[in-house]
Structure formats: structure tokens, C-alpha cells
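Right, one structure below, let's go through it.
The values are calculated or read from the model by the stated rules, or taken from the named source; none is laboratory data. Note that the coordinates shown come from a computational prediction; the quantities given were computed from them, not determined experimentally. Note that we place each Cβ from the backbone using ideal geometry, even for glycine, and neighbour counts take in every protein chain shown.
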Amino acid sequence: MNIGVIGGGQLGRMMALAALPLGIRLVFLDPSDSACAGATGVLIQGQYDDAEAVSRLLAETRRVTFEFENVPPATIAQIAEQQPAYPSAQALATARDRWAEKALFQRLGIALPPVAAIDSQSDLEHAVTQIGLPAVLKTRTLGYDGKGQKVLRNAEDVIGAFAELGSVPLVLEGFIDFDHEVSCIGVRAIDGEVRCYPLVRNEHRQGMLYRSEPLAMHPLQAEAEAALTAVMDALDYVGVLAFEFFVQAERLLANEIAPRVHNSGHWTIEGSPASQFENHIRAIAGLPLGETRQTQPVAMYNLIGQLPDLAAVLAIPGCHWHSYDKAPRAGRKLGHVTVTAATQEALEQRCFALEALLCNDLGG
Ligand code: AMP
């Protein structure tokens, strides 16, 4: 069976590497003729709203999935007329809009930071009186890796902030002085079965994910799984969904969902019997889901902007190198390294050695 993927970046590339042993080939649509997933499947070059390119993709596939959430609605409609698309248009529409996802969390009784929808400077000024400062102003759509947002610390920061973010629909969120950030990644099958990976602790630098480490038997695991399952059930979701939370005073506050395989789940390639990529493909192909437990101590580091020395990294035992075959550029995710070990102590030593080699260039 061929599966179509809208987007041809590293997430698609890793999906293809998981799909090939199952005898499933992926066909990607991407505007770039050098999209990095092209090395692992068929690449159709075309804009995401190019109906003719979408038709060429559909001619080669039996069902379609997505590598990112900002797919033009007309493209989703064109696909849905002809083939099953997972996750659904409704799930993508909810996850791409910060206000829609927060409204869903509220409806499902999932705790989240105080939030307000902002459509003008006067909305913002009113919301600041309700939510207080500091607060975080974010675009409702098209934000990623901390882009399209601004922290408002004092009254001066509020002046002109609506225009500064482009005079587009925004949300204002209370600033959470969190202890740490976690994500829960789960997969839901066509028949509604849900499986979740262990909670992952995430460390960001300049809004970009730097390091992820799964936390075995975290006290908030059951609560995170319940929230993730409630969201997936409400959206009749099929495939992998990532749910990011803040942890503050031993409670979870929902941040956002991503309707796709997620950077904080890359460790599952080496650290779980079935990776997030394999489980996503299994779910949308209608195959039984694979096991999601953690098999060994593991951590993942992103390689951003500039790659460290391959030989030096591989000289550290337990280091697994994943290059995305992308040209270096400040702030660009070029690859990741997963570190594994038999014990937590050995993992920490190996992580320490790896961190000394990293030369990330975040830009900005
Ligand atoms: P986001 O794109 O919403 O995931 O935001 C990127 C990063 O900015 C998050 O991972 C947090 O580190 C930080 N951040 C976002 N929203 C808040 C908030 N309400 N309070 C504190 N930090 C935040």
C-alpha cells in the first residue's frame, strides 16, 4: 500500500524509514525539490494548494496523512473527497488554532493557563486587566518553535503589541512559572484503541526543543494519558498526537497539541518496541498498534544550525546519529542524537560527554 504525506521534511523521512519494513511506501508532496524525505520515498514537487500536484499524489496513494498542521483547507477538502485522510480535517483545524484547541481543553475539563481570544488592541488591554502580567501573547495560527509570540512583562510591552504581532487573531495566556515541561505522545487506531508512551521531560532553548528524556512512572502519567485520550476521542482521532503540558506545583496545565508525530517522541526509535513513526503508520494503515513502553534509559538531543563531528559523537557508546540531510542554517533542525544506556547513571555520563560536543547555532 502507498500512503501519501503532505509535507516532505524530517518527520516524513522518519515515517518512511518505519514504513518500509512493513512493505508500505510513502509518496510526499512538498514545494521543494530537495525536501529531505525525498531520499526515502517518492517526492512530488508542488505547492500545498496546487490541485494538480495533489491529484498526482492521490493517483499513487490509497490514504493520506500529514507532516504538519498548516495544510490549506482546500487541499484537505480535495483529498477528503477521494481518500481517507488521517488525522481528520476537524482534528487539523482544531490543532492549528490555539483558541480552538484551548476551547476544546476547557470543554473537556482539562486544566490550562488563563487564556483570552484577542482580535484588537482594546481586547488585549481588557484581557491584561483580567489575566495580569506577565503574560504571553501568541498568534492563533502558524506559530511554531516559539515564533509568533511575545512575552508581555509590563504595561509598556502591551502598547502596540497587537500590531507588533501582525494585527492577526491572537490569544493571551497567563505566564506560567513552570517547574518543567512535559509532553505525552499517544496513538489512536481506527477502531478507537489508544496507546500512550511514557511522559517526556522537554528542555527548550529560545523556544526550540533542545533535549527530551522520557520519565518512567511519572506521578502525572495517568492524568496526562486521560487528557490525551479525551482529546483524541473527542476528535475521533487516528494516528499519533502529541500533547504538551507545563508542570507547576505537581499539577499539569495544558499548553498545546500537535496532530502529528512530534520532536519530543524521536527517542522512541531506539527506546520503545514500536516507534511513534511506526505506530502512526500502523494506525493509518489499519494495522494493530505496537507496544509503547520504554525499553531502556534514553535521551534525545536536537542538532540545530550546525552539526557536531559525526565520528566524535559515534565514539561515545550508545549514541545514535540521525541526520536529516539538510543544508546547515542557523535555527534549522538538522538532525538529532539519541543516547541509550543500560543504567540511568551510564546515560547521564554519556549525555554529559555528548553535550560537550554539541555546537548548536540557534540564531537570533
Ligand atoms: P508554544 O509554541 O506555545 O509551545 O511555546 C513555546 C515555548 O514557550 C514553550 O515550550 C514554553 O517554554 C514557552 N511558553 C509558551 N507559553 C508559555 C506560558 N503561557 N508561560 C510560560 N512559558 C510559555
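Summary of values
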quantity: Residue satisfying all of: in the stretch 230-246; surrounded by 24 or more Cβ atoms within 10 Å (Cβ to Cβ) and within 14 Å of the chain's Cα centre (by Cα); farthest from residue 175 (Cα to Cα) among these; calculated: 239
quantity: Where a residue in the stretch 155-181 is part of a loop (DSSP other than H, G, I, E, B) and its partner, wherever it lies, is more than 9 Å from the ligand (Cβ to nearest atom) and of a type in the set (D, E, K, R), with Cβ under 6 Å and at least six apart; calculated: 169/119; 169/140
quantity: Filter result (more than 15 Å from the ligand (Cβ to nearest atom) and surrounded by 21 or more Cβ atoms within 10 Å (Cβ to Cβ)) within the stretch 175-194; calculated: 186, 187, 188
quantity: Extreme residue, farthest from residue 230 (Cα to Cα), among residues of the stretch 75-118 that are assigned to a helix (DSSP H, G or I) and either touching a Pro at 6+ places or on another chain (Cβ under 8 Å) or among the hydroxyl-bearing types (Ser, Thr, Tyr) (or both); calculated: 75
quantity: Flag if residue 115 is buried (at least 20 other Cβ atoms within 10 Å of the Cβ) and at pLDDT 95 or above; calculated: yes
quantity: Output for the stretch 182-202, where each listed residue is closer than 14 Å to residue 267 by Cα and free of Cβ contacts under 8 Å to residues at least 24 places away in the same chain; calculated: 201
quantity: Filter pass, residue 249 being more than 12 Å from the chain's Cα centre (by Cα) and either β-branched (Val, Ile, Thr) or more than 16 Å from the ligand (Cβ to nearest atom) (or both); calculated: no
quantity: Subset tally (residues that are under 27 Å from residue 8 (Cβ atoms) and without any contact (Cβ under 8 Å) to a residue 24 or more places away in the chain) for the stretch 329-364; calculated: 0
quantity: Residue identified as over 29 Å from residue 48 (Cα atoms) and free of Cβ contacts under 8 Å to residues at least 60 places away in the same chain among 77, 89, 100, 116; calculated: 116
quantity: Residue among 242, 224, 230 that alone is assigned to a strand (DSSP E or B) and more than 10 Å from the ligand (Cβ to nearest atom); calculated: 242
quantity: Of the criteria (1) within 21 Å of residue 209 (Cα to Cα); (2) within 12 Å of the ligand (Cβ to nearest atom); (3) buried (at least 17 other Cβ atoms within 10 Å of the Cβ); (4) not aliphatic (A, V, I, L, M), which one residue 102 fails; calculated: (1)
quantity: Those residues of the stretch 119-151 which are without any contact (Cβ under 8 Å) to a residue 60 or more places away in the chain, part of a loop (DSSP other than H, G, I, E, B) and of a type in the set (Ser, Thr, Tyr), in sequence order; calculated: 120, 144
quantity: From 13, 96, 107, 25, residue being closer than 19 Å to residue 238 by Cβ, outside the structural domain of residue 242 (by TED's automatic domain parsing) and of a type in the set (Lys, Arg); calculated: 96
quantity: Counted residues, the stretch 49-74 - those being surrounded by fewer than 22 Cβ atoms within 10 Å (Cβ to Cβ), of a type outside the set (D, E, K, R) and not in a loop (DSSP other than H, G, I, E, B); calculated: 7
quantity: The stretch 279-321: number of residues that are closer than 21 Å to residue 346 by Cα and not in a helix (DSSP H, G or I); calculated: 17
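So that you can scan it fast, the table gives a plain yes or no per residue for (1) surrounded by 18 or more Cβ atoms within 10 Å (Cβ to Cβ); (2) closer than 27 Å to residue 251 by Cα; (3) hydroxyl-bearing (Ser, Thr, Tyr):
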{"residue": "140", "(1), (2), (3)": "yes, yes, no"}
{"residue": "162", "(1), (2), (3)": "yes, no, no"}
{"residue": "167", "(1), (2), (3)": "no, no, yes"}
{"residue": "173", "(1), (2), (3)": "yes, yes, no"}
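For (1) assigned to a loop (DSSP other than H, G, I, E, B); (2) out of contact with any Leu (no Cβ under 6 Å at 6 or more places or on another chain), each residue gets a yes or a no:
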{"residue": "236", "(1), (2)": "yes, yes"}
{"residue": "254", "(1), (2)": "no, no"}
{"residue": "277", "(1), (2)": "no, yes"}
{"residue": "335", "(1), (2)": "no, no"}
